[in-house]
Structure formats: structure tokens, C-alpha cells
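J.: This is the structure, below, for whatever I ask next.
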Amino acid sequence: MLKGIPAIIPPELLKTLSEMGHGDEITIGDANFPGKSLCSEVIRMDGHSVPEILDAILTLIPLDQYVEHPAMLMQVMPGDPAETPIWETYRSILNRHEERGAQCLEEIERFVFYDRVKEKSCAVIMSGEKALYANIILKKGVIK
């Protein structure tokens, strides 16, 4: 047991976060995200939502302050009527943890998002989140 670590953070995630350096990326996937086919490192957190995982992670690491958008969302596919109210929750979490707040968020096209996860994510966290388009990539910053 450690002090100051959010209780929902499993040891595997704590290890991954501590091994990540400046500019490394991690993805939090919703329950439908194809994590295993995109990344060799998958951390299961099925009983938790993306917002609670995001909030816990941002208590431990800063986002990259040297890029405009260190947090990336999967854009809704054209013609898909899906709503994304969960993004407002993400904005609220970012406003609590980041100086730039929600301005550090960017939407990227679905297949560009998948390619980015494949090429750059150290790990994919698979959540139990049922909201659609709830996936988010985080780029780690510098701890000063």
C-alpha cells in the first residue's frame, strides 16, 4: 500500500505511468475499444469508467506542456448520430488538473486515432466505459 495513490490505480498501471517519460503516450479505451489489436500492453480496468481513470491518472502525471494538444479524443464518424456528453466530463476533469484546462483537448479522426495508438501508446487501459467515443490519448509532460 502506498500513500497518495488513487485506490483505483492497479499496480500494472502505476508501473507503466512511472516508466513513461516526457512525450510518451497512454490511451484510455472505452469498453468497445480494440485495445489488444492496437497495442501489446493492455491494462484491464473493466469495473471503472473513463472519467474516474482519467481523474486518477491526472493526479499522478502532468500533460505535456510543450505541445498544444496533449489530450486527444476520437472524433465522431461522419453520419454517426452518437452524442458525446462524456466529453464535457473530461473538460471538467482537465480544468481541475491542467493549467490550460480543456483547451489542451483535440479531436482526431477515428482511423488516425487508431494509427496513433498503434505507433505511440505505451499501453491501452481497457475500461468498462459504455459511452460511445469515450476513448482518450494522453501525452505525458515534464514533472518539475
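The values are calculated or read from the model by the stated rules, or taken from the named source; none is laboratory data. What you see is a predicted model; the values in this text were computed from it and never measured. FYI the Cβ positions are ideal-geometry reconstructions off the backbone, even for glycines, and counts take in every protein chain you see. The protein model used for the area step is the full one, side chains on, heavy atoms only, and it has no ligands, DNA or RNA in it. Shrake-Rupley method; radii C 1.70, N 1.55, O 1.52, S 1.80 Å.
J.: Any idea which of (1) over 11 Å from the mean Cα position of the chain (by Cα); (2) surrounded by 14 or more Cβ atoms within 10 Å (Cβ to Cβ); (3) not polar (S, T, N, Q); (4) not in a loop (DSSP other than H, G, I, E, B) is the one residue 88 doesn't satisfy?
T.: Answer for residue 88: the failing condition is (2).
J.: Go through segment 56-77 and give me each residue that's under 13 Å from residue 134 (Cα atoms) and of a type in the set (Val, Ile, Thr).
T.: Selection gives 76 alone.
J.: Here are the criteria: (1) assigned to a helix (DSSP H, G or I); (2) among the hydrophobic types (A, V, I, L, M, F, W, C); (3) open to solvent by 10 Å² or more (accessible area, probe 1.4 Å); (4) in contact with a Gly (Cβ under 6 Å, 6 or more places away or on another chain). Tell me which single one residue 31 does not satisfy.
T.: (1)
J.: Among the candidates 60, 73, 13, which residue alone is surrounded by 15 or more Cβ atoms within 10 Å (Cβ to Cβ), assigned to a loop (DSSP other than H, G, I, E, B) and at pLDDT 95 or above? I'd like the intermediate steps shown before the answer.
T.: Values: 73 fails: assigned to a loop (DSSP other than H, G, I, E, B); 13 fails: assigned to a loop (DSSP other than H, G, I, E, B).
Every option except 60 fails the conditions.
J.: One residue is enough: does segment 127-142 have a residue meeting the conditions closer than 21 Å to residue 8 by Cβ and surrounded by fewer than 17 Cβ atoms within 10 Å (Cβ to Cβ)? Steps first, please.
T.: In the first step, residues of segment 127-142 are kept if they are closer than 21 Å to residue 8 by Cβ; the result is 127-131, 134-138, 140.
The next check asks that each one be surrounded by fewer than 17 Cβ atoms within 10 Å (Cβ to Cβ); those that pass are 128, 130.
Checked segment 127-142: at least one residue is closer than 21 Å to residue 8 by Cβ and surrounded by fewer than 17 Cβ atoms within 10 Å (Cβ to Cβ).
J.: Those residues that are surrounded by 12 or more Cβ atoms within 10 Å (Cβ to Cβ) and in a helix (DSSP H, G or I), I need them from segment 91-104; list them, please. Talk me through it step by step, then tell me what you get.
T.: Taking segment 91-104 as the starting set, the residues that turn out to be surrounded by 12 or more Cβ atoms within 10 Å (Cβ to Cβ) are 91-95, 97-98, 100-104.
Listed by number, the residues that qualify are 91, 92, 93, 94, 95, 97, 101, 102, 103, 104.
J.: Can you name the condition, by its number, that residue 107 falls short on among (1) within 22 Å of residue 60 (Cβ to Cβ); (2) at pLDDT 95 or above; (3) open to solvent by 60 Å² or more (accessible area, probe 1.4 Å)?
T.: Looking at each condition in turn, residue 107 falls short on (1).
J.: Open to solvent by less than 60 Å² (accessible area, probe 1.4 Å), farther than 19 Å from residue 132 by Cα and not in a loop (DSSP other than H, G, I, E, B): which single residue out of 53, 43 fits that description?
T.: On the way: 53 fails: farther than 19 Å from residue 132 by Cα.
The conditions single out 43.
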